[in-house]
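The structure under discussion appears below in the form of structure tokens.
The values are calculated or read from the model by the stated rules, or taken from the named source; none is laboratory data. The shown structure was predicted, so the numbers you read here are calculated from the model rather than taken from an experiment. Cβ sites come from the backbone with ideal geometry, for glycine too, and all protein chains shown count toward neighbours.
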Amino acid sequence: MTNQRMKVALFDAHGYDRESFTAANEHVGHQITFVEPRLTGETAPLAAGHDVACSFVNDRVNEAALAALQQGGVRLIALRSAGYNHVDLTAAARLGLKIVRVPEYSPYAVAEHAVALVLALNRKIHRAYARVREWNFSLEGLVGFDLHGKTVGLIGTGKIGRVAASIFRGFGCRVLAYDVKQDAQAAAQYADLATIYREADILSLHVPLTPATHHMIDEKALSTMKRGIMLINTGRGALIDSRALITSLKTGHVGAAGLDVYEEEEGIFFRDLSDKVLQDDVLARLLTFPNVLVTSHQAFLTREALSNIATTTLANITAFERGEKLENEVLAQQLIQP
Ligand code: NAI
């Protein structure tokens, strides 16, 4: 082993990050500084003197942040995520900063969370839990439906969508899928979006956020969906136009929504704001619906996923240190790919 002494500033560090990175780094030996604030233009100078800035999904890695990182000596941005929509790739390329990511850490973690949202919403577990704690043992309003025989629509049959397809097939669901690239191995029948919107009882989103997928679930798409549809989003918040979703929930056109991501989650999710007044009126409205379940971008949060994220991130950093080919590099031209 070479003298692995890359200095890494790990932003938005939480207790679980410290645990997983400290364990994975034990035999690797990079020097990690855990930095609590999110990475933004204002906090980027905290990385001065480090070789690497390690970033998570709600950082704002824009041109100002990247320029400040570069000025402080950072040469590599190591994302602890698969998604890279929070990074200005063009500015990074211009500044000569390399970007690496963790393309796969546990598709099971995310797909299983999507299914957890479906089951909880369908059988109203969140309401039942609150009721019995107040000794209200009534079943009124808790009627669900059999998943068996229902149609599930999946948008995106990449790593996560494929796992979701297999799980839903296990429940006896008919699985329809849409993807720009079809995968012959997927446990799903491919269909166009119009068919999926018309026939799906449950729709789950597993595509990345790109200009092509931004607000793909808008007023028009929602209006063509089957009345009472359950919408699940563990992809990225801005796949859905949240205001249009609220309108559809109010009319009952959307029967339930399980949201692990929200388009304005930056600065809200991952934080304890229980002492504060929530300033985001759209999120506040979403949280008033009994048939909406919001989780705070936690679909990835399993022990296995955290361990894989730490191991791959450290391996990405080691490859950079050794001047090896960066297998997990994100290139600026990936912006224009689907
Ligand atoms: P993947 O890259 O394996 O699969 C994405 C699929 O989307 C590909 O098959 C691709 O062809 C398809 N696609 C891309 N653009 C499309 C378009 N315009 N229309 C239709 N299909 C399109 O990615 P993976 O690992 O399955 O992850 C999917 C997304 O899940 C990530 O991009 C990320 O945003 C999100 N994610 C969320 C997490 C969470 O904790 N909530 C954790 C990990 C990922």
Tally, over the stretch 98-118, of residues that are within 11 Å of the ligand (Cβ to nearest atom) and of a type in the set (K, R): 1
Only one of D275, D280 that is more than 28 Å from A53 (Cβ to Cβ) and of a type outside the set (G, A, S): D275
Wholly enclosed helices (runs of 4 or more DSSP H) of the stretch 87-147 bearing at least 3 residues closer than 30 Å to T40 by Cβ: 89-94, 107-123
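Does R162 qualify as being farther than 19 Å from R198 by Cα and exposed (fewer than 11 other Cβ atoms within 10 Å of the Cβ)? Outline the logic, then answer.
On the way: farther than 19 Å from R198 by Cα: yes; exposed (fewer than 11 other Cβ atoms within 10 Å of the Cβ): no.
Criteria not met by R162.
Is it the case that some residue within the stretch 240-249 is outside any helix (DSSP H, G or I), in contact with a Gly (Cβ under 9 Å, 6 or more places away or on another chain) and either in the same structural domain as F56 (by TED's automatic domain parsing) or not polar (S, T, N, Q) (or both)? Steps first, answer last, please.
Here is the first cut: in the stretch 240-249, the residues outside any helix (DSSP H, G or I) are 240-241.
Adding the requirement that they be in contact with a Gly (Cβ under 9 Å, 6 or more places away or on another chain) leaves none.
Within the stretch 240-249, not a single residue is outside any helix (DSSP H, G or I), in contact with a Gly (Cβ under 9 Å, 6 or more places away or on another chain) and either in the same structural domain as F56 (by TED's automatic domain parsing) or not polar (S, T, N, Q) (or both).
Can you go through G72, G83 and tell me which one is more than 16 Å from the ligand (Cβ to nearest atom) and of a type in the set (G, A, S)? Talk me through it step by step, then tell me what you get.
On the way: G83 fails: more than 16 Å from the ligand (Cβ to nearest atom).
None of the others qualify; the one that does is G72.
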Members of the stretch 214-230 that are touching a helix residue (DSSP H, G or I) at 6+ places or on another chain (Cβ under 7 Å), within 22 Å of V115 (Cα to Cα) and without any contact (Cβ under 8 Å) to a residue 60 or more places away in the chain: I217, L222, M225, K226
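Among the residues of the stretch 197-228, which ones are in a loop (DSSP other than H, G, I, E, B) and under 22 Å from the mean Cα position of the chain (by Cα)? It would help to see each step written out before you state the result.
Start the filter on the stretch 197-228 by keeping residues that are in a loop (DSSP other than H, G, I, E, B), which leaves 200-201, 206-216, 218, 224-228.
Selection gives H206, V207, P208, L209, T210, P211, A212, T213, H214, H215, M216, D218.
Collect the residues in the stretch 250-265 that are among the hydrophobic types (A, V, I, L, M, F, W, C) and assigned to a strand (DSSP E or B), keeping them in residue-number order.
Here is the first cut: in the stretch 250-265, the ones among the hydrophobic types (A, V, I, L, M, F, W, C) are 254, 256-257, 259, 261.
Across the stretch 250-265, the qualifying residues are V254, A256, A257, L259.
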Residue within the stretch 44-62 that is out of contact with any Leu (no Cβ under 6 Å at 6 or more places or on another chain), modelled with pLDDT under 95 and within 16 Å of the ligand (Cβ to nearest atom) present: yes
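Identify, please: which residue in the stretch 177-190 is aliphatic (A, V, I, L, M) and within 13 Å of the ligand (Cβ to nearest atom) and is, among those, farthest from D201 (Cα to Cα)?
Of the stretch 177-190, the ones aliphatic (A, V, I, L, M) are 177, 180, 184, 186-188.
If we keep only those that are within 13 Å of the ligand (Cβ to nearest atom) as well, we get 177, 180, 184, 186, 188.
Values: A177: 13, V180: 22, A184: 24, A186: 20, A188: 15 Å.
For the stretch 177-190, the residue satisfying everything is A184.
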Scope the stretch 242-270; condition within 16 Å of the ligand (Cβ to nearest atom) and surrounded by fewer than 20 Cβ atoms within 10 Å (Cβ to Cβ); matching residues: E264, E266, I268, F270
Evaluation of V28 against (1) touching a Leu at 6+ places or on another chain (Cβ under 7 Å); (2) away from the ligand (no atom under 16 Å from the Cβ); (3) among the hydrophobic types (A, V, I, L, M, F, W, C); (4) in a helix (DSSP H, G or I) (one fails), failing number: (4)
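Does A114 satisfy the condition of being surrounded by 18 or more Cβ atoms within 10 Å (Cβ to Cβ) and not β-branched (V, I, T)? Please lay out each step first, then the result.
Values: surrounded by 18 or more Cβ atoms within 10 Å (Cβ to Cβ): yes; not β-branched (V, I, T): yes.
Answer is yes for this residue.
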